[in-house]
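A quick write-up on the structure given underneath.
Readers should treat all values here as calculations from the given coordinates under stated rules, not as data from a laboratory. Values in this document were obtained by computation on a predicted structure and should not be read as measured data. A quick note on method: Cβ atoms are made from the backbone with ideal geometry, for glycine too, and the neighbour counts reach across all protein chains shown.
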Amino acid sequence: MSLDNDVQLAQTFDEIDKSVLSSFTHIIGFDLGHGEFSLFQVSDEQNDSAKCIEINNKKSQITAIAVKDTGEILVGNKAITTYDEAVITVGFKRKPGENPNLDRLVGLFFAGVLRSALAERKVSLSNKTLILVGCPSEWTREQQRGYQAILQEAISDLPCETKPKVAVVPESRAAIQCARQSGQFSIDELQAGTVSLLDFGSSTVDSTLLQSGQDLHDKDDGCDLGAFLLDELIVCDVLQRQDEATRARICDAMRYRASNLGRCLLRAREVKEAYFDMPEFKEKRLLAKGTVDIESHDGDIDYMDIRLTMGQLRALIEETPLLYIEESAHSWNIPKDLLFFPCPDYSHLPYKDALMRFSERVRGQMEQKREAGKISKVLLTGGAARMDLVKTIVESSFPDVIHARMSAPETSVAEGLALRGRAEVMCARFTHDMRNQFSTGLTAMLQEETLRFYHLTSDSVVDAAIREVIDVEIQKACNNRMQGSDLATSCAREVGYWIDDGNLKIHVISAAEEWFTTSTIDKVNDSLNTLAAKHSIPAVTIGVATALSMARSIETTFIENSLKRGLKGPDVTRAVYESMDIIDKIINLLGFWDLGSLSPIQRGKLGDEIRSRLHKGLMEALQGQSGLARKLQTSLQSDIERGVERIIALETCAYL
């Protein structure tokens, strides 16, 4: 099958059907980084901790693949230490579709790692296994689909009876999951403002901004500014120091066999790591990790000594424009397949300045979102986050913000991927049951509570109408010694005006707030927590603020229409006349009387009688309207389901 056809069938992680997602019982997080890779696994049990899958007895190791003449594939440290005839490749991770040969190597590597894990009995794979693989945050949905298609196809012939499902998730998003799980930030911090995670990897630098106000949202960003650029700078600088003839032979050998360039980049990486591991800077201290033997197409050997002083390497980091890499590759015709070039916005800058500009760009994005609250924390992850250079840049860009480096930045993405997968699986199960078992119980509970809502609504509306309209009209009628018929007419007229001014909606919402935030929400939360316990996820509680928001979102038009039918002019007029009849009997007046003779107590009694009759009329209108209760339940039930999903997203960082 062609990649184009595979992409059409592929899905991003959030496009997987929830019923499919809920079926997985085993989750593997696979951080296939440009420089290093690592794996974690976890079961679908909440109390199970994520565990590292050590390949070649390493938690994290070089992303390298060696393909022998026999077709045997070696991965990781075994690939770079093999002495057999093999084509060794590093730095092969690219956006899908850019280079078919590198796409093929990515698939071979992915399948090779899983084969090694199976052979070492570190994992068992089946159709109950979900494998989450990280990708740079800047990748589009289409690129994520393409990557997923490559990886899914690559494992089609793994030695397992049924095949696992592969899905792709942005790497920094996964690291956020790990940070949340390990207590690096709290939900309170997230609610208070903005949490940013910066993922300094080998190929890219990515950011994820998390903000929570009335709604949870996030923003991903990234660019090709990974620490691999320093490896390339070192190789280019060492080549520049060769005499012209030697440099020509070495570059010709790199074109003949790309693994010659790959091994030079690996040695350059060791030099880079030695630089950042040094406890103090000394200008002339030599950083040397040995020579690389470069075999040409005619069998001749050249030796390239990858060595620099600390001063020379600092100059590369702080003074040499990144454009130097591309210019060198073009001038010397170095094979470009294994090289990364930064985007034009950063190529004219040295590496340190480019990282600073990206960090300030993230800061600017955070500043634009200040309405969500203050910037609360910046978290650092990724293998390159171990460099003091990164710490210095972040401290400069975010001087007034708490920043913390995750305890194991080189494995946090893999662990976060596994935890993210489990969170999504559990939430999918919870959501499925919520929309079935819970929703059935919710309908029954809301039916029981509907009568209380009608009473509260009638009380709120009638109390306001009496206070704001009818008591005023009674006072006027008494002061002007008006007749009862005049009072009935004026009350009916003024109540109509009061309704036309939009007062019904205000008091319906007020009643809804009181109704839903008292015993109703307690019953909803009891049901939710019973369901949460069943699925071993944290308690799901709709707080007062969220409950108020749900109550205010209830569609009130159909309720208002029913209330209007109970407050029509003839209904108000009848209520006033019937109330005056009662008052007439109480004060023992004979014949037809005017209202000027009523005492303050009797006026209050008249208002109470009118209130009682209007309340009764509204209750009859609400209860007599066919389908009113069902509309109320439907409107509120959908809001509850959306609200609960948001709460789950906050608690698990699952971003449903």
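In the structure shown, the pairs K58/K93; K128/K165; K58/K163 are assessed against 18 Å; a Cα-Cα span above that value is assigned to K58/K93; K58/K163. Quote the FRET efficiency, to the nearest 0.05, computed for Q475 versus R361 with a Förster distance R0 of 56 Å and r equal to the Cβ-Cβ distance. My answer for the efficiency is 0.25. Using alpha carbons only, how many degrees (0 to 90, rounded to 10) separate the axis of helix 228-240 from the longest principal axis of the chain? The answer is roughly 30 degrees.
Size of the range 428-652 from its Cα atoms: along the principal axes, largest to smallest, the extents are 74, 30, 30 Å. Kindly identify the range 4-132 as rounded, prolate or oblate by the Cα gyration tensor criterion: order the square roots of the eigenvalues as a ≥ b ≥ c, call it rounded if a/c is under 1.5, otherwise compare a/b with b/c, prolate if a/b is larger, else oblate. Here the range 4-132 falls in the oblate category. Relative to the longest principal axis of the Cα atoms of the chain, helix 141-154 runs at roughly 60 degrees. Each part gets one Cα centre, and for the range 608-633 versus the range 127-165 those centres are 57 Å apart.
So the label point goes 7 Å from the Cα of T392 along Cα→C-beta, right? Which residues of the range 309-340 then have their backbone N under 19 Å from it? So the set is 309-322. When you work out D = kT/(6 pi eta Rh) for the range 263-406 at 37 °C and 0.692 mPa s, using the Kirkwood radius from C-alpha pairs as Rh and the Stokes-Einstein form, the result is 185 µm²/s.
In deg cm²/dmol and to the nearest 500, what is the mean residue ellipticity at 222 nm of the chain if only DSSP H runs of at least 4 residues count, each as -39500 (n - 2.57), divided by the residue total?
About -17000 deg cm²/dmol.
When each of H297, H615 is scored by the number of other beta-carbon atoms lying within 10 Å, the sequence from fewest to most is H297, H615. Distance from the alpha carbon centroid of the range 398-425 to that of the range 295-318 works out to 35 angstrom.
Annotation: peptides 57-65, 121-129, ranked by per-residue average of other Cβ atoms within 10 Å with the highest first, follow the order 57-65, 121-129.
Starting from the Cα gyration tensor of the range 366-502, take the square roots of the eigenvalues, sort them a ≥ b ≥ c, and report rounded, prolate or oblate (rounded when a/c is under 1.5, otherwise prolate if a/b is larger than b/c, else oblate). Please report the intermediate quantities before stating the final value.
On the way: a/c = 7.18, a/b = 2.31, b/c = 3.11.
In terms of gyration-tensor shape, oblate.
Under 5 Å from the amide H of K163 lie the amide H atoms of N127, each residue being 5 or more positions distant or on a separate chain, with H modelled from the backbone and absent for Pro and chain starts.
Could you tell me the center-to-center distance, by alpha carbons, between the range 453-475 and the range 231-267 in angstrom? Using only Cα atoms, the two centres lie 87 Å from each other. The label point for S485 and the one for S126, both projected 7 Å from the Cα toward the Cβ, are 8.8 nm apart.
Based on the Kirkwood radius over alpha-carbon pairs, what is the Stokes-Einstein translational diffusion coefficient of the range 225-337 at 10 °C with 1.306 mPa s viscosity, in µm²/s? Intermediate values should be presented prior to the final figure.
Numbers: Rh = 14.3 Å.
In µm²/s, the coefficient is 111.
For the range 43-116, the Kirkwood hydrodynamic radius from C-alpha pairs, put into Stokes-Einstein at 37 °C and a viscosity of 0.692 mPa s, yields a diffusion coefficient of 241 µm² per second. Spin-label model, L548 to V87: label points 7 Å out along the Cα-to-beta-carbon direction sit 6.6 nm apart. Of L419, Q312, S328, which is farthest along the charge dipole of the range 296-435 in the positive direction, counting Lys and Arg as +1 and Asp and Glu as -1 at C-beta? The residue sitting most towards the positive pole is L419.
Between the listed residues H297, L338, A268, the Cα displaced farthest toward the positive end of the dipole of the range 228-339, a dipole computed from Cβ unit charges relative to the Cα centre, is found at A268. Using Cβ point charges alone (K and R +1, D and E -1), the dipole size of the range 489-553 about the Cα centre works out to roughly 240 debye.
For the range 52-122, which GluC sites (Glu not before Pro) pass both filters: DSSP loop (anything but H, G, I, E, B) and at most 14 other C-beta atoms within 10 Å?
Details: sites: E54, E72, E85, E98, E120; in loops: E54, E72, E85, E98, E120.
Answer in residue order: E72, E85, E98, E120.
Using Rg/Rh (Cα atoms, Kirkwood Rh) as the read-out, say which of (i) 1.20; (ii) 0.96; (iii) 1.05 was calculated from these coordinates. Label (i) holds the value from this structure. Taking the dipole about the Cα centre of the range 3-184, with the C-beta of Lys and Arg at +1 and of Asp and Glu at -1, give me whichever of T140, P170, G91 is farthest to the positive side. Of T140, P170, G91, it is P170. Ranked by how many other Cβ atoms sit within 10 Å of their own Cβ, fewest first, the residues S553, S397, S172 fall in the order S553, S397, S172. Using R0 = 51 Å, the C-beta based FRET efficiency linking S612 and Q46 works out to 0.40.
Sorted from fewest to most neighbouring beta carbons within 10 Å, what does the list I53, I506 look like? Numbers along the way, then the final one.
Values: I53 22, I506 14.
Ranking I53, I506 by Cβ neighbours within 10 Å, fewest first, gives I506, I53.
Mind running the shape call on the range 510-549? Use the C-alpha gyration tensor, a ≥ b ≥ c as the square roots of the eigenvalues: rounded below 1.5 for a/c, prolate if a/b tops b/c, oblate otherwise. Verdict is prolate for the range 510-549.
Using alpha carbons only, how many degrees (0 to 90, rounded to 10) separate the axis of helix 484-500 from the longest principal axis of the chain? The answer is roughly 10 degrees.
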